[in-house]
Amino acid sequence: MGNDKNMYSRRSFLKVSSLTGGGMMIGFSWMASLKPTEVLAGTTAAAEWIELTGFVKITPDNLIKIMSPNPEFGQNVITSMPMIIAEELDADWKKVVVEQADFNIPKYKNQFSGGSQSIRQGWQLLRKAGASAKAMLLQAAADEWKVPVAELTASQGVVYHKASNRSLTYGALATAASKLPIPEKVELKKTIDFSLLGTAQKNVEGEKIVTGKPLFTLDYHQEGMLIAMTIRPTAFGMQLKSYDATEALKMPGIKHVFDIKVYKEGYERAGFDTRTFNHLVVVVGNTTWEVMNARKKMAIQWEPMPEKKEMVAGWGGKKEELIPAGLESSADHMKNMRAMQKKPAPVLRKDGNPEAAFAKAKKVLERTYSAPFLPHNTMEPISCFAHVTDERAFFVAPTQVPDFIRPTLVANLGIPASKLEIQLARMGGGFGRRAYCHYMVEAGLISQKIKAPVKLVYTREDDMTNGVYRPSYMVTYKAAIDEKNNVTAIHIKGGGIPDNAIHANRFPAGAFDNYLAEGWTIPSNITIGAFRAPGSNFIAGAEQSFLDELAETIGKDPIDYRIELLQKAKTSPVGKNNDYDADRYIGVLELVKEKSGWGKPNTKNVRRGVAAYFCHNSYAAHVVDLTMKNGQPVVEKVVSAMDCGLVVNPEGATNMVEGAVVDGIGNALFGGLVFEKGEPKQKNFNQYRMIRHREAPKKIEVHFVKNNIDPTGLGEPPFPPIFGAMANALYKATGKRFYDQPFQNALDKKG
Amino acid sequence: MAKFNLKVNGKNKEVDVDPATPVLWVLRDHLHLTGTKYGCGVASCGACTIHLNGKAVRSCQLPVSAAANLEITTIEGLSEKGDHPVQKAWLDLDVAQCGYCQTGQIMSASALLKSNPHPSDADIDNFMSGNICRCGTYLRIREAIQTAARNTAK
């Protein structure tokens, strides 16, 4: 990540300004032009707050406000990130109020919520922010009492000089402290001295959530605001030909009908500028219901989209993307993927001589796994508020990655970056979907066109049929087994539409002398995007199912066999760039083995499956216990073991793992969007099956490996292995292996 | 367009709207009570749950013409200070992740406890299965409902 020293070395930019409330405010000069005035839920008036560092503000009566920098979509960084600051600040957490920061990269540096990176990448930055503010408060006390700063201590928002039995609250010191320079270097606490981190704290927005406060973009309202909806082709591979708005414009409350092109002609897309349908019809009116009804009166003609080639500037450099013409179907996808499995594919990694090992093998175990496209189905459908004028372009938006969409908005709205203001609304779910913010461009263009504030609303059907899905995947695992029942080679070959999920350097790479990984892709006009643990969310299930079957084939316990392989990868790793820490992998397996009572006889026909995986810098293992009732699985219990380093907030962390388990079970059993002639066959929750209360596990137990490693991610890592644990438990319960997601299809056939 | 008198959270509100307008959109767009959420518009997710004469209904399928003069309670009116036993239990159990579905879950849960003050886990699963939580907080919801039931019984 960026160089956060920058923040501390720019003291020349500090300016102090007097405020009417009598306090002092300290800030960076570049903030002045970047201050959105609207807030969704205001707290104490700004004038009373004395700002110490960009993240900390204090009132004279010792209330402490901490700004939470990253977008919030349910991962609860709005609690955990301020906790990190409060720890180093030695604030009294009970007196801390938290406020969501607006988009302001110079001030907050890293406002990226994705890849399970918020806490990992914010860790040092936030600790320094808290420690810097504390150092300023201590210095202010030292100046006041004319004593060396080394004689002072701080605790719970109070500075003490024990030698003279004096104390002052942070509030009393804040004005003086705010006039001091932000220190260049500060000492951070030792982890053993943490008193707040590692303690369970409730979600700071809990009360607002349970009382229905307007936290979300869809709740945003401004005087004079209009409602807009777009109309896009009903099938991928189609595009707008013509439209007639005569009848729609006669409908009550309707103000405008027009068409927009989301990305300008010739615009070179960046990696997250997903183009699903670029040419859209827009209906604008007074209220949501009126716009919904008017949309039905539109006469629109669609036509087949020609094949296109577009340049895309992604993280791996520029590349040409082929967008094929045609109307795709899920049945063809499966056929095409099976055909690719028979063709040669690019080699991603090779160790030893796998061909020779397979030629000599006494037995070969070969299994193929597949998974369909998945829509994110965030509970809050896509929405965005925009008010674009000559003076400013103001957005209230659900975005995981405001800094990614900034250049896109600048280019396609033709506005200078200095006029862009984004208020980061709480998101009704993200899961990767809101990293692709085409809807912000759409809302901005609509506001520009109608010269009014506008809220763009996607219906559930719009949301579910608009692309940016988890890709559809296939992979074949093959193991060569010799006459002594040793596994002598592993071959992994797979791909997807239009991306593959092979992580060639992850386990079990490194554990086998002969190893081959190959990967291919098939282009598609169905758009894809990151979905909670991209790639991993498929490959983990396949790999962990295969290892389970392999262990059974050679007569070994599935946990012991994994540990045996990891021991080999640890003591004599094969190849280079093995992308995992074998010790930590073993750690979660041993923990889950102990906590689940693995190997002990069980009663009540409970059958169990295990799986483990490493991704996004953290390690996860699950044991799923299930019974069968009327041919359907009942998940009695899941025991989870996690190693994500130091756990900042065990309450939120446990909730996150529980949610990942439920999400994983739901998607393993039911997830899958089916296409026919380019059209998604499920468009709403009455057609698309989501996991519900009665299908959730009866119990989930979450255990964390205790260590002092700097925290890593948690949003994604517990999700991928649950697919494998479910498949393996289902096998034990039914006697049949489950190779194709969603598993419910096979369960229904058996039923 | 037609005028309707609605009784929302104990107050009379007059709205002039298309009679077919779902109560969901009257609440959200006309009365700016946005605690009632839009999730699907086809009564399949429960995010829009309100109480109509004390019973849980999906407001996305309730035309305003059918709700006139009936008692509508939304999350904003469930309790004066956000301290309904169900809301308190939701905070005790730290249920929410993204939070979007939770107002609908709370309105369903509070209606359940009114008709069945001591539900079994199976009762909860059956009654609540119309409310989707994409983040997967179902176990905490179940526990929160049991907690609210216990605290109400005291």
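Values quoted throughout were computed directly from the atomic coordinates according to the rules given, and no laboratory measurement underlies them. This structure is a prediction, so every number in the text was calculated from the model and none was measured. Note: ideal-geometry Cβ built from the backbone for every residue, glycine included; neighbour counts use all protein chains shown.
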Open item on the list: Averaging the inverse of every distinct alpha carbon separation and then flipping it gives the Kirkwood radius. What is it for chain A, in angstrom units?
Closed with: 27.9
- [ ] Take the Cα gyration tensor of region A:379-422, multiply each eigenvalue by 5, square-root it, and list the three semi-axes largest first, rounded to whole angstrom.
- [x] 19, 12, 8
Open item on the list: Averaging the inverse of every distinct alpha carbon separation and then flipping it gives the Kirkwood radius. What is it for chain B, in angstrom units?
Closed with: 15.6
Task: FRET E, pair A:LYS335, A:MET628, Förster distance 35 Å, beta-carbon r, rounded to 0.05 - done: 0.60
TODO: At most 14 other Cβ atoms within 10 Å and a DSSP loop assignment: could you name the chymotrypsin sites (Phe, Trp or Tyr not before Pro) in region A:272-327 that fit?
DONE: A:TRP315
- [ ] Could you work out, residue by residue across B:67-75, how many beta carbons of other chains sit within 10 Å of that residue's beta carbon, and then give the average as an integer?
- [x] 1
TODO: Any chance you could give the angle, 0 to 90 degrees and rounded to 10, that helix B:102-115 forms with the longest Cα principal axis of chain B?
DONE: 80
- [ ] Taking every pair of alpha-carbon atoms in region A:200-305, give the share separated by more than 17 Å as a whole percent.
- [x] 65
- [ ] Stick to the Cα atoms of region A:226-381, pair each with every other, and give me the Kirkwood hydrodynamic radius in Å at one decimal.
- [x] 20.1
Open item on the list: Output wanted: per-residue J couplings in Hz (rounded whole) for region A:711-728, from phi through Karplus 6.51 cos²θ - 1.76 cosθ + 1.60, θ = phi - 60°, x for Gly and Pro.
Closed with: x, 10, x, 9, x, 9, x, x, 6, x, x, 5, 4, x, 4, 5, 4, 6
TODO: Between beta-carbons, use under 12 Å as the cut-off and find the net charge around A:PHE272, counting Lys and Arg +1, Asp and Glu -1.
DONE: +3
Task: Mean Cβ count within 10 Å, highest first, over the residues of peptides B:8-15, A:460-467, A:349-356 - done: A:460-467, A:349-356, B:8-15
- [ ] Please work out the C-alpha center-to-center distance from region A:663-682 to region A:316-333 and express it in whole Å.
- [x] 19
Task: Computed over chain A: relative contact order in percent, which uses C-alpha pairs under 8 Å that are six or more apart - done: 14
- [ ] Would you mind putting A:642-649, A:57-64 in packing order, based on average other-beta-carbon counts within 10 Å, highest first?
- [x] A:642-649, A:57-64
TODO: Shielding by partners for B:127-134, please: the mean number of other protein chain Cβ atoms within 10 Å of each residue's Cβ.
DONE: 6
Task: Label-point separation, B:ASN5 to A:ARG694 (7 Å along Cα→Cβ), nm - done: 4.1
Open item on the list: Take the residue pairs A:LYS57/A:LYS202; A:LYS261/A:LYS296; A:LYS213/A:LYS699 and return only those whose Cα atoms are more than 28 Å apart.
Closed with: A:LYS213/A:LYS699
- [ ] On each of the three principal axes of the Cα atoms of region A:472-750, give max minus min coordinate, whole Å, ordered largest first.
- [x] 52, 43, 41
Task: Globularity ratio of region A:44-165, using Cα Rg and 2.2 N^0.38 Å - done: 1.11
TODO: Report the relative contact order of chain B, percent, no decimals, based on alpha-carbon pairs under 8 angstrom and at least 6 residues apart.
DONE: 24
Task: Burial ranking of peptide ranges A:143-155, A:723-735, A:594-606, A:360-372 (average Cβ count within 10 Å, highest at the top) - done: A:723-735, A:360-372, A:143-155, A:594-606
Open item on the list: Step by step: find N for region A:448-520, compute 2.2 N^0.38 Å, then divide the Cα radius of gyration by it. What's the final number?
Closed with: 1.98
TODO: With the cut-off at 25 Å, report for region A:452-575 the share of all Cα pairs above it, as a whole percent.
DONE: 38
- [ ] As a check on your grasp of the helix formula, calculate [θ] at 222 nm for chain A: sum -39500 (n - 2.57) over DSSP H runs of n ≥ 4, divide by the residue count, round to the nearest 500.
- [x] -9000 deg cm²/dmol
Task: Computed over region A:421-514: relative contact order in percent, which uses C-alpha pairs under 8 Å that are six or more apart - done: 18
TODO: Please list, in chain and number order, the residues 5+ apart from A:MET238 or on another chain whose amide H is under 5 Å from its amide H, with Hs placed from the backbone.
DONE: A:MET305
Task: Fraction in percent of alpha-carbon pairs per bin - 5 Å, region B:85-153 - done: 3, 20, 35, 27, 11, 2, 0
TODO: Determine the calculated [θ] at 222 nm for chain B from helices alone, applying -39500 (n - 2.57) to every DSSP H run no shorter than 4 residues and normalising by the residue count; nearest 500 deg cm²/dmol.
DONE: -10000 deg cm²/dmol
- [ ] Return the whole-Å distance between the Cα centroid of region B:80-154 and the Cα centroid of region A:605-645.
- [x] 25
- [ ] Taking a cut-off of 14 Å between Cα atoms, list the aspartates and glutamates near B:LYS7, but don't count ones fewer than 8 places away on the same chain.
- [x] B:GLU71, B:GLU76
Task: For residues of A:199-210, the mean tally of beta carbons on other chains within 10 Å - done: 6
